[in-house]
Amino acid sequence: MGNTTINDGGMAITKKEGDKTTTVSLTDRGLDNGGNRITNVVAGTNDTDAVNVSQLNDVKTLAGQHATVEAGSKNITVTEGMNSTGGKKYTVDLAKDVTFGDTAKGDKTVAISGTDGTITAGTGDNKVTVDGSKGQIVAGGNNGVKIGNIKNGDSSLTIYDKDGKATDKKADGGKFVTNLDNKTWKNDGSYVSGRAATEDQLHQVESNVNKQIADVNTKIDKVDKHHTEVTVNGGTVAPTTENTYSEGNLQIAQKTGDDGQKVYDLKLSDNLNIGGAGKDGKDGQNGHMGINGADGKSGIGIDGKDGISIKGKDGKDGVTIKGIDGKNGTEGHIGLTGSAGKDGQNASADIHVKNGQVGVDGTDGHGGKDGMDRVVYEDHNHVTHEVATMDDGMKYSGDSGNAAVKLNKNVQIYGGATEYADGNNIGVVASQDGDNAKLQVKLAKDLKGISSIEAKTITTGNTTMDNGGLTIKTGDSSHQDITIQQGAVNMGGNKIEGVAPGKVSQDSTDAVNGSQLWQRDQAINGLSGSVNKLGNRINRVGAGAAALAALHPLDFDPDDKWDFAAGYGNYRGANAAAVGAYYRPNEDTMFSVGGSFGGGENMVNAGVSIKLGQGNHVSTSRVAMAKEMKAMRQHMAEQDALIAKLQSMHGMAVDPAKSVLFPDVAENHWAYQYVTTLAKKGILEGYPDGEFKGDRMMTRYEFAAIVYRIVESGVGSTDPELSKLVKEFSPELQYIRIDTIQKDRDGKPTIERVRVISDAK
């Protein structure tokens with residue numbers, strides 16, 4: 001069957017002449033594809049199914065999911081680094097100098113320079129530059145117009161010349177542009193496109209237009225005052241009778257308008273007559289109507305002599321419709337003229353009607369003649385051709401019988417068995433079916449040259465074809481039969497050999513061969529090694545991160561501001577060690593640096609920590625507080641000796657330096673006297689800004705400070721209530737002292753801090 005051979009050995013498809021492919025064979029040994037591709041292979045699902053290229057692409061996609069980041073132009077910079085987990089990190093920034101548009105065409109680009117603060121569009125005389133450093137806009141290149149001196153709140157601007165000098169042409173108050181040179185208008189049709197017109201030019205144009213309008217009005221007024229009679233057709237005068245038209249092709253009638261003036265109405269006659277017979281000794285003329293083309297020559301013409309004509313190129317006849325000379329127009333002809341052929345002559349045809357051949361069904365011509373009326377045309381060689389009609393058609397002859405069918409009728413061809421096909425197995429029988437014809441193709445009852453044909457199954461050797469598909473028996477007990485059924489190929493455990501490399505693409509359905517799979521396996525194996533290496537690096541990075549997380553600083557110690565720490569980390573069998581250093585110049589600031597080492601994946605970090613917010617100038621360091629408490633205990637021991645002496649004292653003179661009153665305590669305030677007395681005795685000192693702040697909530701530390709001053713002044717030795725208060729706060733007073741941290745220029749304390757005395761006994 002064609003290039004396909006089926007025998008007891010299997011099936012073979014040989015190449016056509018000139019085809020570069022090789023023979024494809026399907027035998028009991030398997031499928032040999034001859035180096036050709038297998039296309040439209042459905043995706044395999046079982047372990048022994050063939051796979052297509054789209055499945056390989058899925059493997060390629062999973063095995064090669066690596067992202068790269070590249071800058072599309074010089075406007076963007078891409079910096080590759082490493083993130084906190086050890087993976088790649090790409091930092092994308094905008095360049096300092098950026099250019100938009102086609103750089104090959106400089107006049108279609110916009111450049112923004114972060115270096116000198118300019119924005120430039122275009123090149124040459126069309127360049128526009130916005131200079132942020134000079135506050136200028138330059139249009140038209142370096143020698144163009146410069147606009148500057150633009151200030152906030154000032155609606156005026158200054159225009160500079162090419163040398164950078166300010167001109168007297170400027171926008172006054174942002175409303176007008178004055179001192180322009182173009183003040184006159186040339187009425188010669190010349191102008192400069194894009195240049196602004198001045199009020200002088202507009203005034204001149206307005207004056208000219210007004211003058212011309214006045215002249216036109218004058219002429220119209222003169223016409224209205226003089227009336228002239230109108231004639232047509234070379235002298236035909238309008239009838240004097242109202243609304244009566246004259247005769248001829250162009251008719252005229254005289255009417256009276258609403259204003260009493262004469263009105264002449266012209267119209268075209270319903271019946272036009274052009275040309276006519278001669279009279280009064282003059283020859284007649286053939287009338288002619290023409291529609292001219294752009295070249296001034298008539299394109300379509302109606303002539304009293306030559307009939308209707310459609311002119312072609314150079315005025316030559318294209319189509320003519322007229323009667324034959326001497327026949328009084330009873331034999332109409334249509335002439336067609338075409339373009340010149342290879343012989344240089346114009347193609348032409350003369351179309352008319354004459355008696356011709358009878359129809360395919362034998363229809364007679366007009367008047368009983370042996371023929372029928374037909375449209376015929378005569379070519380430029382004077383050969384007459386008849387035009388076919390629907391009565392014409394085709395005649396058919398078969399191995400037996402004849403049939404004739406008109407145009408647009410049906411010819412039925414059908415098959416069957418007949419005795420006329422003895423020689424070639426197939427015969428054709430023609431027959432008439434009314435206006436239609438039948439051509440019956442029949443197969444001989446006894447076919448020659450065919451070994452065997454079964455009605456439902458074709459079997460040649462080990463190969464069987466039936467309605468279920470194609471089956472090839474291998475004859476080998478170790479392999480199953482090969483079947484092609486319902487769109488699926490089952491090789492029965494046999495190999496498919498000679499498969500050409502399939503196309504590898506996302507939408508490919510080609511089958512792939514073993515060499516392609518081997519190449520893909522090699523690529524995956526190489527990728528697997530890279531993945532294993534990456535996994536080991538991730539483990540080492542995880543161990544380093546754990547070691548860094550083990551580093552912690554100690555509490556702030558004002559006498560020892562450096563802290564050092566060491567840590568150890570482990571992640572999935574990888575180990576790393578880390579060391580770090582911390583420096584705290586004060587309680588609110590800390591600098592840190594650290595690093596982890598192990599397995600070649602070293603990591604470092606550095607940072608600074610700052611405490612923000614409103615403070616109360618009280619140390620939160622437990623180390624500093626412990627030292628102060630130790631010092632306070634020692635100081636309180638010394639105070640115990642002084643208290644005994646102060647018990648006998650009767651008061652002290654008021655220190656004049658402490659007689660300053662608080663500005664925020666009014667004299668009419670109920671506590672004014674108490675506050676004033678305590679301040680003069682040095683018990684109350686107020687805050688660094690000089691105010692008492694009586695409505696502010698007092699802390700226990702502040703109250704202890706007041707008691708401390710009472711003890712120092714000796715007032716408690718004579719006042720029973722104060723003595724009782726001193727005794728109540730004696731445990732706290734053993735550990736407290738007040739130190740001056742900062743003073744102003746006059747020596748007055750501006751910052752005081754309550755200190756804890758260390759080792760108080």
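Values quoted throughout were computed directly from the atomic coordinates according to the rules given, and no laboratory measurement underlies them. None of these values were measured; they are calculated from a predicted model. Note that each Cβ is placed from the backbone with ideal geometry, even for glycine, and that neighbours are counted across all protein chains shown.
Couple of notes before you dig in:
- Segment K409-A606, extension gain: residue separation times 0.36 nm, minus the distance between their alpha carbons: 61.2 nm
- Model label zone, K495; criterion: amide N under 20 Å from point 7 Å along Cα-to-beta-carbon; scope the stretch 27-47: 27-38, 47
- Label point 7 Å beyond Cα of N575 along Cβ direction - residues of the stretch 589-607 with amide nitrogen under 18 Å: 596-603
- Per-pair calculated FRET efficiency, R0 = 60 Å: T676 and R537 via Cβ, rounded to 0.05: 0.20
- Around the amide H of R37, modelled in the peptide plane, lie the amide H atoms of A500, all under 5 Å away and 5 or more residues distant in sequence or on another chain.
- Distance violations [Cα-Cα > 32 Å] among K406/K448; K442/K473; K74/K611; K693/K743; K74/K503; K74/K134: K406/K448; K442/K473; K74/K611; K74/K503
- Between L517 and T750, the simple label model (points 7 Å from Cα in the Cβ direction) yields a spacing of 8.7 nm.
- Highest average packing first - 500-513, 458-471, Cβ atoms within 10 Å: 500-513, 458-471
- With a Förster radius of 56 Å applied to the C-beta separation of K267 and K183, the computed FRET efficiency comes to 0.50.
- Extension gain, V42-T4: 0.36 nm per intervening residue step, less the Cα-Cα distance, totals 11.3 nm.
- Modelled FRET efficiency - R0 30 Å, N436 with I351, Cβ distances, 0.05 increments: 0.40
- Fully extending the segment from T256 to I741, taken as 0.36 nm per residue of separation minus the present Cα-Cα distance, adds 162.6 nm.
- Packing, taken as the mean count of other beta carbons within 10 Å per residue, orders the peptides 559-569, 379-389 from highest to lowest as 559-569, 379-389.
- Sequentially through the stretch 501-508, phi angles give Karplus couplings (6.51, -1.76, 1.60; θ = phi - 60°) of x, x, 5, 9, 7, 5, 9, 6 Hz, Gly and Pro residues having no value and appearing as x.
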